[in-house]
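Novice: Before anything else, here's the structure in question.
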Ligand code: CA
């Protein structure tokens with residue numbers, strides 16, 4: 001899941017970037033409206049966190065451009081003051097939610113998760129399952145055969161990606177860009193190590209094995225498993 005943050009106050013943007021990265025999201029950061037506008041219009045994101053007051057192009061303008069281009073990416077606005085005019089204007093322009101500064105990170109994360117869930121094809125979907133493996137998106141919990149499994153934020157993000165693309169071969173390059181924000185030519189050893197750790201947790205003590213290596217191509221979570 002990739003999130004774009006457009007925020008000129010470095011204290012807030014760094015705080016958001018760090019928190020969201022630790023929560024397992026891939027984060028793009030724009031420190032002014034021009035960069036934000038460019039990234040929003042050219043890259044694909046699952047969510048945009050948009051500050052209203054920016055030194056050049058403001059948040060309203062960026063949102064307007066997106067909606068005019070028929071881009072329906074969920075947008076969470078950050079506003080400095082809680083005024084009815086701001087709220088109405090934001091909603092009229094097509095914002096999905098807004099948060100008034102200062103806010104607690106836990107509050108932002110809750111909004112982010114709600115918007116991301118809403119943005120997905122099945123809006124009511126809060127769990128992903130394959131065989132006896134279950135991933136609870138709301139509680140960030142994973143169980144297999146009812147047994148609780150502890151995953152790191154990255155492992156959770158990796159498993160979520162695999163579950164969302166069940167029975168598809170995921171090339172390392174795709175995993176790298178979706179979970180680590182790395183490019184194709186980066187060291188993909190990181191991915192092999194992460195897959196090994198994930199396997200140890202969800203496959204080693206259970207039957208059948210779910211994560212498969214597709215030689216020369218990548219990895220796949222198989223729902224039609226034999227063994
Ligand atoms: Ca600002």
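The values are calculated or read from the model by the stated rules, or taken from the named source; none is laboratory data. These numbers were taken from a predicted model, which means no experiment stands behind them. FYI the Cβ positions are ideal-geometry reconstructions off the backbone, even for glycines, and counts take in every protein chain you see.
Novice: Would you please list the contacts, defined by Cβ atoms under 7 Å and residues six or more apart or on different chains, that run from a residue in the range 79-105 that is modelled with pLDDT of 85 or more to a residue that is more than 16 Å from the ligand (Cβ to nearest atom) and assigned to a loop (DSSP other than H, G, I, E, B)?
Specialist: Close Cβ pairs (under 7 Å, with a partner that is more than 16 Å from the ligand (Cβ to nearest atom) and assigned to a loop (DSSP other than H, G, I, E, B)) amount to 96/74.
Novice: Still on this structure, please answer the following. Could you say whether any residue in the range 53-64 is within 30 Å of residue 198 (Cβ to Cβ) and without any contact (Cβ under 8 Å) to a residue 40 or more places away in the chain?
Specialist: no
Novice: Among the listed residues 94, 90, 33, 24, which satisfies the condition of being within 12 Å of the ligand (Cβ to nearest atom) and either over 30 Å from residue 155 (Cβ atoms) or under 22 Å from the mean Cα position of the chain (by Cα) (or both)?
Specialist: 33
Novice: Considering only the range 113-227, give the helices (runs of 4 or more DSSP H) lying wholly within it that have at least 3 residues that are touching a helix residue (DSSP H, G or I) at 6+ places or on another chain (Cβ under 8 Å) and at pLDDT 85 or above.
Specialist: Helices (runs of 4 or more DSSP H) meeting the threshold: 153-164, 189-202.
Novice: Another one. For the range 36-57: of the residues being within 16 Å of the ligand (Cβ to nearest atom) and surrounded by fewer than 17 Cβ atoms within 10 Å (Cβ to Cβ), which is nearest to residue 80 (Cα to Cα)?
Specialist: 53
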